[in-house]
Amino acid sequence: MSDSEYEEETTYVVFDMGKAVSTEYIQEMKEKTGGCRGLEEGKPYIQIGNLTFEGEVDETIGTHLMFTIEEKQKKQSIEYKCSTETIVKMDSISLETKQKKIPQIKSETVEINDDAVLDAVL
């Protein structure tokens, strides 16, 4: 297949962050967002600033509609943007750094007298 035969598909997803973060915090941290991983596998992780979230993908009951609202000269206009039937419910988690386990080497003290060393050499 050539590149012209592929269709591009865009999918929109709603992330339900609960009360863990505010819109202001997300706007403030958007440059420090670590992105989303694991969405295709059904277990996404998102990092926003120093907060990390683990999610679960779920199908919605009904359809979520997305609109943009613009205010022009004291009038609001609403424009439809997209819809989705997928929601990801996110829970805040804490991450801990893994500690590398260093194998313990047993050491034993062995006493050797001078005669044993001479016997081993001879």
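Of the conditions (1) surrounded by 12 or more Cβ atoms within 10 Å (Cβ to Cβ); (2) not in a strand (DSSP E or B), Gly42 clears all except one; give me its number.
Condition (1) is where Gly42 drops out.
Given (1) surrounded by fewer than 14 Cβ atoms within 10 Å (Cβ to Cβ); (2) under 24 Å from Thr11 (Cα atoms); (3) small (Gly, Ala, Ser), where does Gly55 come up short, assuming only one miss?
With (1) surrounded by fewer than 14 Cβ atoms within 10 Å (Cβ to Cβ); (2) under 24 Å from Thr11 (Cα atoms); (3) small (Gly, Ala, Ser) applied to Gly55, the lone miss is (1).
Is one or more of the residues making up the range 9-18 surrounded by 14 or more Cβ atoms within 10 Å (Cβ to Cβ), closer than 18 Å to Ser83 by Cβ, touching a residue at least 12 places away in the same chain (Cβ under 8 Å) and aromatic (Phe, Trp, Tyr)?
yes
Quick one: would you say Gly35 is at pLDDT below 80 and assigned to a strand (DSSP E or B)?
So Gly35 fits the description; yes.
Could you run through the range 53-73 and say how many residues are more than 27 Å from Arg37 (Cβ to Cβ) and hydroxyl-bearing (Ser, Thr, Tyr)?
Count: 1.
Is there a residue being part of a strand (DSSP E or B), in contact (Cβ under 8 Å) with a residue 12 or more places away in the chain and farther than 19 Å from Thr84 by Cβ anywhere in the range 52-59?
Yes.
Filter the range 72-104 down to residues that are closer than 30 Å to Ile46 by Cβ, in a strand (DSSP E or B) and not hydroxyl-bearing (Ser, Thr, Tyr), then give me how many there are.
Within the range 72-104, residues that are closer than 30 Å to Ile46 by Cβ, in a strand (DSSP E or B) and not hydroxyl-bearing (Ser, Thr, Tyr) number 11.
Being under 19 Å from Glu59 (Cβ atoms), of a type outside the set (Gly, Ala, Ser) and surrounded by 10 or more Cβ atoms within 10 Å (Cβ to Cβ), is that true of even one residue in the range 27-35?
Taking every residue of the range 27-35 in turn, none turns out to be under 19 Å from Glu59 (Cβ atoms), of a type outside the set (Gly, Ala, Ser) and surrounded by 10 or more Cβ atoms within 10 Å (Cβ to Cβ).
The values are calculated or read from the model by the stated rules, or taken from the named source; none is laboratory data. Every value quoted in this text rests on a predicted model; they were computed, and no experiment measured them. Neighbour counts are summed over all protein chains in view; Cβ atoms, including those assigned to glycine, are modelled from backbone coordinates with ideal geometry.
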